[in-house]
Structures are given as structure tokens and as C-alpha cells.
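Here is the structure we will look at.
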Amino acid sequence: MNNDYKKKLENLLLAVERENASDLHLSPGRKPIMRIEGELISLEQRDTLTKEDTFGILRELVNEEKLAQVMNIEEIDFSYSFHDELRLRATAYIQNGGISLTFRVIKEVRDMDELNLPPILEAFTRKEQGLFLVVGPVGQGKSTTMAAMLSMINQNRKEHIVTIENPIEYIFKDDQSIIDQREVGIDTQSFESGLRAVFRQDVNVIMVGEMRNPETINTVVTAAETGHLVFSTLHTNSASQTIDRIVDSFPANQQNQVRAQLASSLIGIFSQRLLKSQRGGMVPAYELMINTKATANLIREARTHEINTVIETGAEQGMVDMNHSLVELVQQGHITVEDAYRHSLNPKLLDSMI
């Protein structure tokens, strides 16, 4: 390692540890920036980074092949461990002619109570088969929620669990279950090839880091139909939007079949946002759609726009709509009424609840 760049990176990562930051951003022409409790904070006492700095730091972190990919205007994802204590997920990309780096701190797998997740999620960890999706914008804790659910399976069930990720985020240790973690680009060529292999690996539970294309979606749905419990994520804002996104990724002549498959294999969709709590830390606001008979009919009949109403009126079955979640956070003193309105997907309905 070039000592100058190594030292520069180590000093920054020590600051990340000290301040309990969630992210670190390094870009030429800017001072390093950390995200602490949701807020971006510039490290004004540090030197402004140059193009040589960010290139030199990246060169210390990846092999020549990955470096060449970035220089060829591709984005790369990779994992990095610092002092065996701090594990980071990193992205490198070209921005304004120089290399930018973003590091996200990967915490220890936490349990669902600690994350303020609803107890009903535990019911999905006991299912034998089906597809459970955790959705939301980037950086909203989807991987953390999935890790907590897998951890619960690991603690309570004797299963063979396989994760296919890009990159691997949380490291699991076998408990009741055995867990194989495969990283795309290192352990398997693609999400699709990793998924196809599970059919020959005597697997019970599969976690796919992200459903990025129709091929992955197709294989995920097939796995859920053939006796596997499958967890995955999508960058969507709500349950109804998630179903539309999946169906719309297929050609028109395949969409009815995909709707039928989803109606029978989907078990639930959990949509979440992380909000800054007035009591410190971050708390999730969420929506939970459970695939009941009514929901399955709406999916099959392409009436996804009616799913929101089913969620709003489905509390008895365990469903949660985003507005109820936001109102609860207001009542618990985590967020203000203004925060609730800002994050509501249906502010008009919120009027009648606050």
C-alpha cells in the first residue's frame, strides 16, 4: 500500500468509527463528508481531496481489473474491512472527470426489536415457501431488515440458507441453520447463475440482494413457487408500485402469467423509510402488505391501484399502512407532525388521522 493514501484513508475511517457515522463520501475538489444520524457533515479541518487522492485511495482498495472498470466509466461495488472491526460496502464511480468513492458502514446484524420493526415480520420467517420483498429508496435500511429476518431463521430453524449479494454486506455465522454467502463477481458470475445453482444445492431459504432485471425476477419467482422461502429487495416506494414494477419489466404477452405467478407465490411486501428520531438515532416508518385472498385477486386482475385501500383496511389481518406507522411515530415522540406529512404517501388521508 502507498503509505500516504493508506494513512489518509485510515485517518478518515477512524473518524467514521469515532463519530459513529453511517457513510463516508470522498470526491475530488471537496473535503471528505460523513453522514451522521442522517445529516451530511463536511470535515472542514481536513484537506480538500484531489483527483490524485481519490485515485490513489481506490488503487489501494481494489485489484487492477476493478480499477480498469472504473476508468472505463463503469461503477463498481466492493466490500472492505478495516481493522477487522469496521466493515464497509463501497461504490466507486467517475464524477466530473475524477473518481468518487462512497462508503457505507455495515453494522452487526441487529434483531428486530432493536430496529423497531413490527413483531408480525416474525411470522414471515416461519413460512416454508413464498416470496417476501423489502422495498424502499436507496439507503433506507432494506438490507438491515432482511438481515434481521434471516438471523431469526438462523436462530430458530434448521435450514440451508443461501444468500446471493453484490457485495456481501452482513456476515452471518451458522447457528441452527447453515448459511452460504455468495458474492456476485467473486463466487458466482451473476445473480441469475447464482440463483440457477440453488436448485441443485438442497436449499430451503434464499436471499437475493436485489432483483435487477427480468431474468433475476423470473428465477426468484420460480424459486418461490418451487418450495423455497425467498427474500429480496427492490427500489420502489410502495407495495402497489412494486407489483407494477415487476409486471412492467416483462413484455406485454408475458404480463398476465407474471401476475398469476405473483398472486400465488408472493407472501408479503414490506416498504420502509428511515426517519431521524427526536429521541436519537433512526426509526423506520413502514407499510406492510400481506398477500391475502383479496390482495391476490387484485394482483391477478391487474387492479393494483386498489391495493392501497386493502392495506388501509387490512389491520385485522396484520397489514400496516404508512400513515398509521407515521401517526404511531408521532405519538411515541419520535417525529413531528410536519415530518409525518413530509413522508406520507397520502397526506389527505393523514388529515383525518392526526
What's the center-to-center distance, using Cα atoms, between segment 259-317 and segment 106-140 in Å?
13 Å
Between residue 72 and residue 52, the FRET efficiency computed from the C-beta separation at R0 = 25 Å comes out, to the nearest 0.05, as 0.80
Note, segment 305-319: 3J(HN,Hα) by Karplus (6.51, -1.76, 1.60, θ = phi - 60°), whole Hz, Gly/Pro = x, goes 4, 8, 5, 4, 5, 4, 5, 4, 9, x, 4, 5, 7, x, 6
Subtracting the Cα-Cα distance of residue 256 and residue 19 from 0.36 nm times their residue separation yields 80.2 nm
Measure nothing but the geometry: give the 0 to 90° angle between the long axis through the Cα atoms of 322-331 and the longest principal axis through the Cα atoms of the chain, rounded to 10°.
70 degrees
Using only Cα atoms, find the angle between the long axis of helix 239-248 and the longest principal axis of the chain, and express it within 0 to 90 degrees, rounded to the nearest 10.
80 degrees
Run the simple label-point estimate for residue 127 and residue 156 please: 7 Å along Cα→C-beta, distance reported in nm.
1.4 nm
Overall form of segment 121-351 per C-alpha gyration tensor (a/c, 1.5; a/b vs b/c)
oblate
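Can you sort 215, 301, 316 by how many other beta carbons sit within 10 Å, fewest first?
316, 301, 215
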Residue-averaged 222 nm ellipticity for the chain, from DSSP H runs of 4+ at -39500 (n - 2.57), nearest 500:
-11000 deg cm²/dmol
Return the sequence-ordered ³J(HN,Hα) values of segment 130-147 in whole Hz as given by the Karplus equation 6.51 cos²θ - 1.76 cosθ + 1.60 applied to θ = phi - 60°, using x for Gly and Pro.
x, 10, 10, 10, 10, 10, x, x, 4, x, 9, x, 4, 5, 5, 5, 4, 4
Based on other C-beta atoms within 10 Å, arrange 170, 93 from fewest to most.
93, 170
In degrees, nearest ten, helix 214-225 long axis to first principal axis of the chain (Cα):
50 degrees
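Averaging sequence separations of C-alpha pairs under 8 Å and six or more residues apart, then dividing by the length of segment 3-106, give the relative contact order as a whole percent.
25 percent
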How much length, in nm to one decimal, is gained on full extension between residue 43 and residue 199, taken as 0.36 nm per residue of separation minus their Cα-Cα distance?
51.3 nm
Approximate spin-label separation residue 36-residue 306, in nm, with each point projected 7 Å along Cα-to-Cβ:
5.2 nm
With a Förster radius of 41 Å, plug the Cβ-Cβ distance of residue 213 and residue 59 into 1/(1 + (r/R0)^6) and report the FRET value to the nearest 0.05.
0.85
Quick one: order 57, 33, 186, 73 by neighbouring beta-carbon count within 10 Å, fewest to most.
73, 186, 33, 57
Once you've got the Cα coordinates, tell me which of 107/293; 31/348; 66/173; 51/142; 158/276; 7/66 are over 31 Å apart.
107/293; 31/348; 51/142; 158/276
Label-point separation in nm, residue 86 to residue 222, each point 7 Å along Cα→Cβ
4.3 nm
When only C-alpha pairs under 8 Å and at least 6 residues apart count, what is the relative contact order of segment 121-351, in percent?
20 percent
What is the percent of Cα-Cα separations in segment 273-319 that go past 16 Å?
48 percent
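Where a number appears in this text, it was derived from the coordinates with a stated rule and is not lab data. Predicted model, so just to flag it, every value in this text is computed and none were measured. A quick note on method: Cβ atoms are made from the backbone with ideal geometry, for glycine too, and the neighbour counts reach across all protein chains shown.
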